[in-house]
1. Taking the stated definitions as given, is Ala104 small (Gly, Ala, Ser), surrounded by 14 or more Cβ atoms within 10 Å (Cβ to Cβ), touching a Lys or Arg at 6+ places or on another chain (Cβ under 8 Å) and in a helix (DSSP H, G or I)?
2. Assess whether Met87 counts as being at pLDDT 95 or above and more than 22 Å from Arg28 (Cβ to Cβ).
3. If Phe74 passes every condition in (1) in contact with a Phe, Trp or Tyr (Cβ under 6 Å, 6 or more places away or on another chain); (2) surrounded by 14 or more Cβ atoms within 10 Å (Cβ to Cβ) but one, which one does it miss?
4. Mind counting the residues in the range 130-152 that are farther than 18 Å from Leu93 by Cβ and either touching a Gly at 6+ places or on another chain (Cβ under 8 Å) or exposed (fewer than 15 other Cβ atoms within 10 Å of the Cβ) (or both)?
5. Check every one of the helices (runs of 4 or more DSSP H) wholly within the range 1-99 and list those with 3 or more residues that are of a type in the set (Phe, Trp, Tyr).
6. Condition (residue is exposed (fewer than 13 other Cβ atoms within 10 Å of the Cβ), at positive phi and not hydrophobic (A, V, I, L, M, F, W, C)) applied to the range 41-48: is it met by at least one residue?
7. Free of Cβ contacts under 8 Å to residues at least 40 places away in the same chain and in a helix (DSSP H, G or I), is that true of Ile131?
8. State which residue pairs qualify: first residue under 7 Å from Phe83 (Cα atoms) and inside the range 141-154, second residue surrounded by 12 or more Cβ atoms within 10 Å (Cβ to Cβ) and not hydroxyl-bearing (Ser, Thr, Tyr) in any location, beta carbons under 7 Å apart, and separation of 6 or more residues or different chains.
Amino acid sequence: MMTLAISLHVLSAVIWVGGMFFAYMALRPVAANLLEPPQRLPLWRDVFGKFFPWVWLCIISLLGSGYWMAFTLFGSVANFPHFVLIMQGLGILMMILFIHLFFAPYQRMKKAIEAGDLPAAGKKLAQIRIIIGINLILGLIVVTVGVAGDSLFHLMNH
């Protein structure tokens, strides 16, 4: 059961953080160079429309697998190692940022596109870009803390 939880946890992190990395570092600059706003904004709306359901699934999987592993291994929050607490805190911050992104700027961007208000949609896309950039940095930190913290924890306890 622990192997399944670890696998779900890692896969969920890879999908979410990897998706943000691809969107931010590859798709965003290419779309900005090749497409004008009338084409770029619907592209992002549709890309997010395909990616965000995966993020919701990843959030559920990360919370379920993470807490299952942590409570199984350590019993209570008081016994969580520091690296687990850091991962938990930063992960929850990422989730809060995503929830805000999804229910505020993303919904407003979609409505602005539907209304033909490209300047308003562009402003919302800029907000989304900032939040994804922050979440990407946080996600890379979480992955690093998780790998390094787990390795150090096992070295110290063996």
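The values are calculated or read from the model by the stated rules, or taken from the named source; none is laboratory data. Just so you know, these numbers come straight off a predicted model, no measurement behind them. As a convention, Cβ positions derive from the backbone with ideal geometry for all residues, glycine included, and neighbour counts pool all protein chains shown.
1. Values: small (Gly, Ala, Ser): yes; surrounded by 14 or more Cβ atoms within 10 Å (Cβ to Cβ): yes; touching a Lys or Arg at 6+ places or on another chain (Cβ under 8 Å): no; in a helix (DSSP H, G or I): yes.
So Ala104 does not fit the description; no.
2. Numbers: at pLDDT 95 or above: yes; more than 22 Å from Arg28 (Cβ to Cβ): yes.
In short, yes.
3. If we test Phe74 against (1) in contact with a Phe, Trp or Tyr (Cβ under 6 Å, 6 or more places away or on another chain); (2) surrounded by 14 or more Cβ atoms within 10 Å (Cβ to Cβ), just (2) comes out false.
4. Pass one, the range 130-152, residues farther than 18 Å from Leu93 by Cβ: 147-148, 150-152.
Okay, now just the ones that are also either touching a Gly at 6+ places or on another chain (Cβ under 8 Å) or exposed (fewer than 15 other Cβ atoms within 10 Å of the Cβ) (or both), so 147-148, 151-152.
Number satisfying all stated conditions: 4.
5. Working: elements: 2-22, 28-34, 37-74.
The helices (runs of 4 or more DSSP H) meeting that bar are 2-22, 37-74.
6. Keep residues of the range 41-48 that are exposed (fewer than 13 other Cβ atoms within 10 Å of the Cβ), which gives 46.
If we keep only those that are at positive phi too, we end up with none.
Looking through the range 41-48, none of the residues is exposed (fewer than 13 other Cβ atoms within 10 Å of the Cβ), at positive phi and not hydrophobic (A, V, I, L, M, F, W, C).
7. Details: free of Cβ contacts under 8 Å to residues at least 40 places away in the same chain: yes; in a helix (DSSP H, G or I): yes.
In short, yes.
8. Close Cβ pairs satisfying both conditions: Val145/Phe83; Val145/Ile86; Val145/Met87; Gly146/Phe83; Gly146/Met87; Gly149/Pro81; Gly149/Phe83.
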